[in-house]
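The structure appears below as structure tokens.
The values are calculated or read from the model by the stated rules, or taken from the named source; none is laboratory data. A quick note: this is a predicted structure, and the numbers were derived from the prediction, not measured. Note that each Cβ is placed from the backbone with ideal geometry, even for glycine, and that neighbours are counted across all protein chains shown. Ligands, DNA and RNA are excluded from the accessible area calculation, which covers all protein heavy atoms including side chains. Shrake-Rupley method; radii C 1.70, N 1.55, O 1.52, S 1.80 Å.
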Amino acid sequence: MKNKVLFFIAVGALISCHAFGQTVLYRQANLHLGNGAFIENGQMMTEGVDIVWIGKSTDTPPKSADKTIDLSGKHVYPGFIAPATATGLVEVESVRATRDFREVGSDNPNARAAVAFNTDSRIHPTLKYNGILIVQATPEGGRFSGLSSVMHLDGRNWEEATLRLDDGLHINWPGKMRYNRSKGKLVENENYDQQVSDLVQTFKDAHGYLQGKPATINLKLAAFDGVFSDTKKVFVHVNKAWEIMDAVNKLKEVGVKHPVVVGGMDAHSIVNFLLKHEIPVILGRPHELPLYSDDAIDQPYSTPAQLQEAGVLFCLSNIGRMPVMGNRNIPFMAGTAVAYGLEYEYAVASITGNAAKILGIDMRYGTLEAGKSATFIVSDGDALNMETQSIGMAFIDGQPVDMENWQEILYRKWSEKIEKIQQSKN
Amino acid sequence: MKKSMLLIALLSWCNWALSQSLHSREGIQDDRSKLTYAIINANITTAPGKKITNGIIIVQDGKVVNIGQSITIPKNAVTIDADGKYVYPSFIELNSNFGLRSPDKKDKSGGGPEYERTDGKSAFGWNKAIRADQSASSLFEHDEDAAKKMRENGIGIVLSHYQDGIARGTGSLVALTDAGENISMIQAVASTHFSFDKGSSSQQYPSSQMGAMALLRQTFIDLEWYRGQKEINEKHLHLEALKCCEKLPNFFSATDKMTGLRAFRLGAEFKRDFILLGSGDEYQILPDIQGKSIRYVLPLNFPDVPAVQHPMMAREMSIRDLKHWELAPYNARILHDHKIEFAFTFEGVKNVFSTLHLLGKSGLSEETILGALTTNPARWIHFESLGAIAKGNPANFFISRDSLLAEKNQVYEHWVMGRRYQIKEISEYQMEGVYVLDGDTLEIKKSKFTLTTKAGQNISGTFSKKNNQLTIPYSIDDEFFVLNLEFTGHGQISNPSRYFSESSKVKIIADVKVVSTGGTKDSTVQSVVDEYFDYKAALWYPFQAYGNPLMVEKEKPETYLIKNVTLWSMVHEIPQPGMDVIIRKGKISKIGVNLKVPKGAVVIDGSEMHLSPGLIDEHSHIAISRGVNESGSSISSEVRIGDVVNHEDINIYRQLSGGTTASQLLHGSANVIGGQSALVKLRWGQSAEAMKIENAPKFIKFALGENVKQSNWGDRMNVRYPQTRMGVEQFLFESFYRAQSYGTSGERARRIDLELEALWEILNGERHISCHSYVQSEINMLMKVADSMGFKINTFTHVLEGYKVADKLKVHGAAGSTFSDWWAYKMEVNEAIPFNAAAMAKAGVLTAINSDDAEMGRRLNHEAAKVLRYGGDDPVEALKMVTLNPAKMLHLDHRIGSVEEGKDADLVLWSDVPLSINARAIKTFVDGELLFDREAQEEEQMRLRKERVRLIKKALQAANSGKPIATPESEIDSEYHCDTLEEIHFHEK
């Protein structure tokens, strides 16, 4: 019997229903579908929460629209997705009172990001400004960090913002090497085997625990519900090749069918392994220094292209320094990947369609396709290039997104003040 | 000067000779030290390159009284037959703490909130790391166990010092004899010692290497001042101590090559010729040390074979680790080839003689090696008589089985100050050979034997050896035998016996006849270079991935013509297509259309490409070693980033690949008044010194806000002043008033105070401030402080609320150097907006975009492009924020920042509009030199990979041949940010 004390609130019930909304036709748009395809000067029709039709300029829409919007040369993308981030769980990194992403202790598989997700964060509007509409709110730290949830950035409360509740369990794989402070060098982690075996044992214990009605409730083990049936993903945060291989092998052994590698800075060196085991990768941010000093100087820039070429399913993230506020640079990281060999539409997919697939929300989100959610952005120019990005409109489930941005307001307010002062002096 | 030094040495020598009989005596004396000994039949090397075969040494009363081939042996002499063995002068160990306890270990990593001043309890200096008054002689206690081990390894004399602190006091020269400290101490005060390691001091200052350097520099300045005092009103015992031993040799303990080099430079400022107790990696900075009069005491503890058996572990090993393993044994050889003088230290060496053998293999001659062990150290410590076996010199020598560079050697006797220490009988028996025993033939080779019986049976195996007894067990059919032999000389056997197992009866073997013997009696190992490896090809500079082969002359064209390029000159309002640019001798010599190809020019087709000035990072922390913050105090204006520039940082090369060519290397922001900046060009392939921009204006880092208040460093950090922005203002006033008084009261004329000197320079307009700042109140405050004291703030860096005080910045004349889009990481950046740069620029403030981050520093063009995303609309103005504008801020715009004739040829050729996300730097020039070429990058990578493969293969072979394997360790690159407090910051990935 499965423990149903806390978990399982039907996701569908959380999404407010706009089934009988307006029909809108967007014309003369450059449609970046998010699945690798592109329609120049295309058309898209939405109705209520859904996209109902996508076509070329010469195609005839299936029905007449209540409203037609001419986008003349603008670019439409599915809303960008930022995976594996503490967005909504922290406001000011250095202020303890605002840090809700790391529970005390090492094993917190039961910590749930969704319930702490702050829909009123002042960071959200700055992400939306650059086209990020969906995040995977993710706890951090320890061996078992907790449960993430996929959230959109325009909800009034966390329930409304939730797209997929408790979508995955996040674990930090132990490192083969550890930093030795007195030597100032990396040395072999002598506890590695023990740490791995402890981690494996926790999975085994959880598996046993979930087999029958437990004598006493153990919230930590109960949190593994869904992990072995593949309804809850396991996201393993790990970077180096030999650690990745260990992580995948061990997790498969304990019954995790499709672990997702998060970070994966070294993934490019073991593409065959990843393909063989069908392991998707949430890549740590490309705007990072190479993992090893002897690596190619642009390795993190070219990793996306190398994974794509090999056929590994991957998406981008902003794991690294300033991980939350820096999410707004995710589109530009995709842009960098293009400069270093990734085909443009695959770069788009790496922050939309493929991200949705990896997070398990691709039934509804991540691509511009008939039958999927009308969650998209409209940019005047190429949205992966800071030189040209300018996002005027965004929609989540067909609803226009509140684009008011505190930073823009400050800018306007103070620019006006200073202009006035300077004019009066002249 | 030199003569008087010798005189002092001689005088103290006399003291040593006369000081033996002061102790009270009891019982019956058995002093044999006055006996005369004659060591005969010896192969003597009296000094490097000087040999006497079949020689005689007469020792009497601690000294060599005669030496030669055919000299008269006094009748009363006790004769010792050296049996043709080798005699060498005792080695002198200069880097030792023999007879001294290890210093107390204090937890330095705890990181206190501030430095603690000593409370004037004694008349020493305020900093506990200055232990100049410490003397090894007062702590010295003979340690016979350690002495015995050293004597067995040929070491007879050591210079011992207490290894604690930055000024470590004086060292003592002692002989390794157990005759009592009165006798073993040759010179109580023989040397002075220094380091940059504060050791057991619990004080927070200095927390960085540049801090340690500043502290030592100030101490030497203080010493000069103290020396010049005619009438001493104050007593400073640490200066007193330094003053007393100024004529002694100065030793400096360097933990790495750059530390040594920095110490040498610092010493030179004060005419102190530091002898560097080296680190073994000096060959890595050959161009820096070549041609200088640096003397090194080189360690010989070479690294074990890198742990490369697991291919993934091999990946953890950097090219630096791998190359160092290969080259470390060649360190001395390389230095010798480049005329750099050295001695050796055996600290950390397990097997001295096999190490000497390795040195021989590296191509060094016995003469050079012996010189580094005897005459060089003796000369350096002003005791030349200790370096050679000669008439009148103290009798310091050892007798060994083989010559100096033999793979395995054995010291039989070691004579220290005429005292004999027997380690093993000289007449050791040579067992190798072929023997005929009662018709059986026995062959002995190493520890293996082969016995061929009369009946033609072959038995072989290993045997156990005890002294001169040899025991061979074997069996034939069911019978078990033990053969027992006793050796009495070279291949001489007496009492051969054979035991039968069944009866335990002894049967005496007759007819023992020695057919031949092996033995090494006369085999001199002079030159053992059998694995000569051409180090020249393996040397890279900088010693890092993508370093240049040092000994390969790289073609450096003087002239380039970049044709038909779109030029972002930064002086024209829009980019100009179709331009030609000529680079000549490091400068931009001509800009025009359809220029004639100059003679010998390399022509680069720039069509479809864009040319911009090299990007300039106003705020960078790359290329800095051992601490970016001197966080021990709220004011550290005495420290200089220029002291600790690191030319090997891989990020220099990585940033070149992003078009960055010049940077201000700033002190961190841990305190209100930080340290002095270094303005550098990213001249990859040049030394740290050569990276610094010639005659660059002087800069200093200031900081305001949360970092200087220690707001985010934990609950313990609440006692250092200031803890509020109110306090910051008052601290600034206090510091500048102190500086004003220092400069005007005559104090400055008496004694330079490095801390106040930097502030005095600010007050005089000779030093510019780049101030880390966030909120508008503090920015405004600092401008008011500056206005009231009559100086200007040159640059507010970060200046994230600059958009709120842009009008005031403009009026004051301060520039703003900001992040493109950082915020939300602490409270004071809550109102930081990415529109800041655009807003400041619009208000007329000179605006730049900076990195403060090693990664971001290699895509500054994209950071500038964000200005177009957030409020800006002019691409040229945006690009100026990472070129001309920072050049102006750094007062270097007459040389860099724009593409104009006559300016430095710091240029970047881009694949696209430089502000486009698609733009990649294709070629980066610094001073007209092509330092990054993307088209050659694949080749570079292949060169690196090939070298790795070669070394990993070599390491695998070495491991397979049984050489010891090192515990896995790998180097990491330190990465600094403004708020990095530790010496080494590990950025977890």
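Rounded to the nearest whole Å³, what is the per residue volume of the convex hull around the Cα atoms of region A:132-204?
On the way: hull volume 8.8 nm³, N = 73.
It is 120 Å³ per residue.
Where in region B:353-403 are there trypsin sites (Lys or Arg not before Pro) that are in a DSSP coil and have at most 16 other Cβ atoms within 10 angstrom of their Cβ? All intermediate terms of the calculation are to be shown ahead of the outcome.
Working: sites: B:K361, B:R379, B:K391, B:R401; in loops: B:K391, B:R401.
Qualifying residues, ordered by number: B:K391.
For region B:172-239, compute the orientation-averaged projected area of the C-alpha convex hull (one quarter of its surface), in nm². Average of the hull's projected areas for region B:172-239 equals 7.2 nm².
Modelled spin labels at B:E407 and B:N594, positioned 7 Å past Cα toward Cβ, are 7.5 nm from each other. Pairs of Cα atoms nearer than 8 Å and 6+ residues apart set the relative contact order; for chain B it is 11 percent. Note that region B:656-668 has calculated 3J(HN,Hα) couplings of 4, 5, x, x, 7, 10, 8, 8, 8, 8, 9, 4, x Hz, one per residue in order, obtained from phi through the Karplus relation 6.51 cos²θ - 1.76 cosθ + 1.60 (θ = phi - 60°); glycine and proline are x. For B:T255 and B:R101, a Förster radius of 22 Å and the Cβ-Cβ distance give a FRET efficiency of 0.55, rounded to the nearest 0.05. Cross-link check: pairs B:K596/B:K698; A:K74/B:K804; A:K183/B:K963; B:K454/B:K963 evaluated at a Cα-Cα cut-off of 30 Å; pairs beyond the cut-off: B:K596/B:K698; A:K74/B:K804; B:K454/B:K963.
Each principal axis of the Cα cloud of region B:370-454 was taken in turn, and the coordinate range along them, longest first, works out to 66, 23, 17 Å.
The convex hull defined by the C-alpha atoms of chain A has an orientation-averaged projected area of 25.3 nm².
In this structure, the amide hydrogen of B:F342, modeled 1.01 Å from its nitrogen in the peptide plane, lies closer than 5 angstrom to those of B:Y296, counting only residues at least 5 positions away or on a different chain. Each residue of region B:242-247 was assigned a 3J(HN,Hα) from its phi angle through the Karplus curve 6.51 cos²θ - 1.76 cosθ + 1.60 (θ = phi - 60°); the sequence is 5, 4, 4, 10, 5, 7 Hz, with glycine and proline shown as x.
For peptide B:851-857, compute the average count of partner chain beta-carbon atoms within 10 Å of each residue's beta-carbon. All intermediate terms of the calculation are to be shown ahead of the outcome.
Details: counts 0, 0, 4, 1, 8, 2, 0.
Mean number of neighbouring Cβ atoms from other chains: 2.
Partner shielding of B:834-840 amounts to 4, given as the average count of beta-carbon atoms from other chains within 10 Å of each residue beta-carbon.
Quote the accessible area belonging to B:C771 in square angstrom, nearest 10, computed with a 1.4 Å probe and with ligands, DNA and RNA left uncounted. It works out to around 0 Å².
Do you know the relative contact order of chain A, to the nearest whole percent, from alpha carbon pairs under 8 angstrom that are 6+ apart? It would help to have the intermediate numbers written out before the result.
Numbers: 988 pairs, mean separation 81.5, N = 426.
Worked out over chain A, it gives 19 percent.
If r is the Cβ-Cβ distance from A:Q423 to A:D120 and R0 is 35 Å, what FRET efficiency results, to the nearest 0.05? Step by step, r from the Cβ atoms, then E = 0.45.
Counted over the protein assembly as shown, the DSSP beta bridges are approximately 65% antiparallel.
Summed over qualifying helices (DSSP H, 4 residues or more, each -39500 (n - 2.57)) and divided by its residue number, chain B shows a 222 nm mean residue ellipticity of -7000 deg cm²/dmol. Working note: 222 nm ellipticity from helices only, DSSP H runs with n ≥ 4, each -39,500 (n - 2.57), summed and divided by the residues of chain A, gives -7500 deg cm²/dmol to the nearest 500. Taking 7 Å steps out from each Cα toward its Cβ at B:I71 and A:V271 produces label points 7.8 nm apart. Stokes-Einstein diffusion of the protein assembly as shown at 25 °C, 0.890 mPa s viscosity, Kirkwood radius from Cα pairs, rounded to a whole number: 68 µm²/s.
I'd like the FRET efficiency for B:M942 and B:N458, computed as 1/(1 + (r/R0)^6) with the beta carbon distance as r and R0 of 51 Å, rounded to 0.05.
Values: r = 55 Å, r/R0 = 1.07.
In this case the efficiency is close to 0.40.
With the alpha-carbon atoms of chain B aligned to their principal axes, the span from lowest to highest coordinate is 111, 73, 56 Å, starting with the largest. These residues, A:Y346, B:Y88, go from largest to smallest accessible area, 1.4 Å probe, as A:Y346, B:Y88. Within the assembled protein chains, the solvent-accessible surface assigned to B:K556 is about 130 Å², based on a 1.4 Å probe. Peptides B:605-615, B:562-572 ranked from most to least packed by the mean count of surrounding Cβ atoms within 10 Å: B:605-615, B:562-572.
Percent of C-alpha pairs per 10 Å bin in region A:189-240, short distances first: 21, 46, 26, 7, 0.
For region A:125-256, the square roots a ≥ b ≥ c of the C-alpha gyration tensor eigenvalues yield an a/c of 1.5 or more together with a/b not exceeding b/c, which makes the shape oblate. Taken per residue, the accessible surface of region A:334-426 reaches 39 Å², heavy atoms only and a 1.4 Å probe.
Under the criterion of Cα pairs below 8 Å and six or more residues apart, the relative contact order for region A:284-325 equals 46 percent. Residues whose amide H comes within less than 5 Å of that of B:S589, counting only those at least five positions distant or on another chain, are B:I582, B:I583, B:R584, B:G902 (H built at 1.01 Å from N in the peptide plane).
Per residue, the accessible area of region B:197-318 comes to 34 Å², computed with a 1.4 Å probe over protein heavy atoms only. Once each of the GluC sites (Glu not before Pro) sitting in a DSSP loop with at most 12 other beta-carbon atoms within 10 Å is removed, chain A keeps A:1-189 as its longest stretch.
Can you give the mean number of other chain Cβ atoms that lie within 10 Å of the Cβ atoms in peptide B:916-926? Working shown, then result.
Working: counts 7, 16, 10, 3, 5, 0, 0, 0, 0, 0, 0.
Mean shielding count: 4.
Set the bar at 23 Å for Cα to Cα. Now go through A:K420/B:K792; B:K556/B:K681; B:K709/B:K784 and name every pair that lies beyond it. Beyond 23 Å between Cα atoms: A:K420/B:K792. Across region A:251-259, coupling constants 3J(HN,Hα) worked out from phi with the 6.51/-1.76/1.60 Karplus curve, θ = phi - 60°, read 5, 5, 4, 8, x, 8, 6, 10, x Hz, and Gly and Pro carry x. For B:R920, the residues whose modelled amide H falls within less than 5 Å of its own, excluding neighbours fewer than 5 places apart on the same chain, are B:S911, B:D912. Under a model in which nothing but the beta-carbon of Lys, Arg (+1) and Asp, Glu (-1) is charged, region B:286-368 shows a dipole of about 120 debye around its Cα centre.
Projecting label points 7 angstrom from Cα along Cα→Cβ for B:N351 and B:Q309 puts them 1.9 nm apart.
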